[in-house]
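The values are calculated or read from the model by the stated rules, or taken from the named source; none is laboratory data. The structure presented is a predicted model; accordingly, all values stated were derived computationally and were not measured. Note that we place each Cβ from the backbone using ideal geometry, even for glycine, and neighbour counts take in every protein chain shown. Side chains are part of the model used for accessible areas, which takes the heavy atoms of the whole protein and leaves out ligands, DNA and RNA. Shrake-Rupley method; radii C 1.70, N 1.55, O 1.52, S 1.80 Å.
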Amino acid sequence: PQSNQLAKAPSLGPAPSPPGLTKPHPKPRWPAGPRGMARGLSSLVRIRDTLFSSFALANGAFPDLRLLQWNPHWQCFAWNTNNCSAEAAATLPMLLEESDIDFANVIEFEAPGWSPPENWTSIDSTCGIDLVDLIYNNVRWELSGPGEKGCMVEAMNETKRDRPYLIQQFINTNTSEGVIVIGAHFPHPASFTVSTFKEAEVLKGALKRVLNATDVQKVVLIADTNEWTSVSSESLMSYLGAPGDTVVSSSLERTCCFDNDFAAWGAFDRIVANFGAEMETEVLFDPLPLWAHEVKNVSDPASRRGAFHKAVRCVLLMTGTGRRHRLMGRIGMLTLGIAVGVCFGGMLAFSWYATSDSKEGESDEDQETGPSDSDTDNSKDERDLTSGRFVAVVAFKGQPRSAGLVRSAIEGRAQGV
């Protein structure tokens, strides 16, 4: 019917504006606001990191590492008063995939039937009822070379063995570079005020044996160290015998525990390496989700609380070493900030110009609805003058010495000659 005929009719384009009326200026389009700009900045940073990593891999350099340490503690699965077990089992795969983790150390993760996602593999070490899972990205890494697992607390009775550790060498599938990764659950220190690291003596001996069996010297420790905040990561790596003088560590965060309200002394969960430039640290489950508020008896307000740890997620950067790399990184970020500032200033200027131009156009519409006869005559004269100037310039183009003739032609045209 009529609607179909209208749909098939050719478009004639926009209707012409009546004489003397100025076409309204379109409303300037403004960016999506602070959130849109924040997303844009985040995308720029991700692009920068991807480019840096790609260049590093192309040159055979060691890649950046994305690392995770998490100890949800056994009460999450044994008590399970807030559906903690199912929530933790659903959360861990998301952390691995969304963060594209290279290596993760997960402690006392006892979710029934749980297995890592497709591109990750888990190797474990068990001591009594204590469990450590070292999870690695099997697309970028594969087992290669020596490894060792055991218990940091040994006893004659099998049920009294405690605090598992696992040491394994890996090679990168792109660069063939090797790294030794330690996943461990340390015993508590004997003293609250002073740590002698005596509780880590078994792990120290195991690492020495692995290092003696390989040429790989890069070591990453991912652990619930149970060390006080006053104990530095540098002193811990020195005691364990990690080669070299470089120590790059996650920041010491209050990750332990729900049952002590995450006291200031509880920087237990750490990621430490003897190589790299710097480590970016992020604390997860902060604030603590409701499902992690584990209590033994929900109906009893004074009931014992679980020792759920907040997780630590880190990126170990490899694009340089030491002070020079940090300086270059700051220069790069400063350059990026200047570029973003210039773009933002340009958008502000454009918005101001478009808005003011739009207001001028609206005032013109209010003053005039059509041209007068005198305006028409003046416009005709201006067009004639312009036409004469154009003809003169074209006629004498390429002849610099004829500038006087051009001027005479223009003036004569203006006087009606």
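Every residue in segment 227-245 that is out of contact with any helix residue (DSSP H, G or I) (no Cβ under 8 Å at 6 or more places or on another chain), under 22 Å from Glu282 (Cα atoms) and part of a loop (DSSP other than H, G, I, E, B), please. Those that are out of contact with any helix residue (DSSP H, G or I) (no Cβ under 8 Å at 6 or more places or on another chain), under 22 Å from Glu282 (Cα atoms) and part of a loop (DSSP other than H, G, I, E, B): Trp228, Thr229, Ser230, Val231, Ser232.
Results for (1) open to solvent by 20 Å² or more (accessible area, probe 1.4 Å); (2) of a type in the set (Phe, Trp, Tyr); (3) modelled with pLDDT of 95 or more, shown as yes or no for each residue.
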position	(1), (2), (3)
Ala90	yes, no, yes
Glu97	yes, no, yes
Asp102	no, no, yes
Pro116	yes, no, yes
Val153	yes, no, no
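Looking only at residues in segment 272-294 that are among the hydrophobic types (A, V, I, L, M, F, W, C) and within 28 Å of Asn80 (Cβ to Cβ), the one that is surrounded by the fewest Cβ atoms within 10 Å (Cβ to Cβ) is Leu290.
Quick grid of which residues meet (1) out of contact with any strand residue (DSSP E or B) (no Cβ under 9 Å at 6 or more places or on another chain); (2) modelled with pLDDT of 95 or more; (3) among the small types (Gly, Ala, Ser):
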| residue | (1), (2), (3) |
| --- | --- |
| Val181 | no, yes, no |
| His185 | no, yes, no |
| Pro189 | yes, no, no |
| Phe192 | yes, no, no |
| Glu199 | no, no, no |
| Leu203 | no, yes, no |
| Ala206 | no, yes, yes |
| Leu211 | no, yes, no |
| Val216 | no, yes, no |
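Of the listed requirements (1) open to solvent by 20 Å² or more (accessible area, probe 1.4 Å); (2) touching a residue at least 24 places away in the same chain (Cβ under 8 Å); (3) in a helix (DSSP H, G or I), Phe192 misses just one: (3). Here Ile167 clears all of (1) part of a strand (DSSP E or B); (2) open to solvent by 30 Å² or more (accessible area, probe 1.4 Å) except the condition numbered (2).
For first residues located in segment 128-145 and of a type in the set (A, V, I, L, M, F, W, C), partners that are open to solvent by 10 Å² or more (accessible area, probe 1.4 Å) and in a strand (DSSP E or B) and lie 6+ apart or on another chain with Cβ distances below 6 Å form the pairs Leu134/Ile123; Ile135/Trp120; Ile135/Ser122.
Among the residues of segment 265-276, write down those that are under 18 Å from Phe103 (Cβ atoms), outside any strand (DSSP E or B) and in contact with a helix residue (DSSP H, G or I) (Cβ under 7 Å, 6 or more places away or on another chain).
Asn274
When the residues of segment 222-257 are narrowed to those that are farther than 20 Å from Tyr165 by Cβ and in contact (Cβ under 8 Å) with a residue 60 or more places away in the chain, which ends up nearest to the chain's Cα centre (by Cα)? Per the stated criteria, the residue is Val248.
Restrict the check to segment 226-236 and report whether at least one residue is open to solvent by less than 10 Å² (accessible area, probe 1.4 Å), touching a His at 6+ places or on another chain (Cβ under 7 Å) and on the phi > 0 side of the Ramachandran plot. The answer is yes, given that some residue of segment 226-236 is open to solvent by less than 10 Å² (accessible area, probe 1.4 Å), touching a His at 6+ places or on another chain (Cβ under 7 Å) and on the phi > 0 side of the Ramachandran plot.
Taken over segment 67-117, the criterion of being part of a strand (DSSP E or B) and of a type outside the set (Val, Ile, Thr) is satisfied by Leu67, Leu68, Gln69, Trp70, Phe103, Ala104, Asn105.
Figure legend. Inter-residue proximity from segment 272-284: first residues under 21 Å from Leu92 (Cα atoms), second residues polar (S, T, N, Q) and open to solvent by less than 40 Å² (accessible area, probe 1.4 Å), beta-carbon distance below 7 Å, spacing 6+ or different chains. Indicated pairs: Thr281/Ser250; Val283/Thr255. If the condition is being modelled with pLDDT of 95 or more and either open to solvent by less than 20 Å² (accessible area, probe 1.4 Å) or among the small types (Gly, Ala, Ser) (or both), then segment 137-150 contributes Asn137, Trp141, Gly147, Gly150.
Here Thr121 passes the criteria (1) modelled with pLDDT of 95 or more; (2) assigned to a loop (DSSP other than H, G, I, E, B) except the one numbered (2). Mind listing whichever residues of segment 126-136 are open to solvent by less than 50 Å² (accessible area, probe 1.4 Å), out of contact with any Leu (no Cβ under 8 Å at 6 or more places or on another chain) and assigned to a strand (DSSP E or B)? The answer is Cys127, Asp130, Leu131, Asp133, Tyr136.
Ile123 passes every criterion in (1) surrounded by fewer than 18 Cβ atoms within 10 Å (Cβ to Cβ); (2) among the aliphatic types (A, V, I, L, M); (3) over 27 Å from Val153 (Cα atoms) apart from (3).
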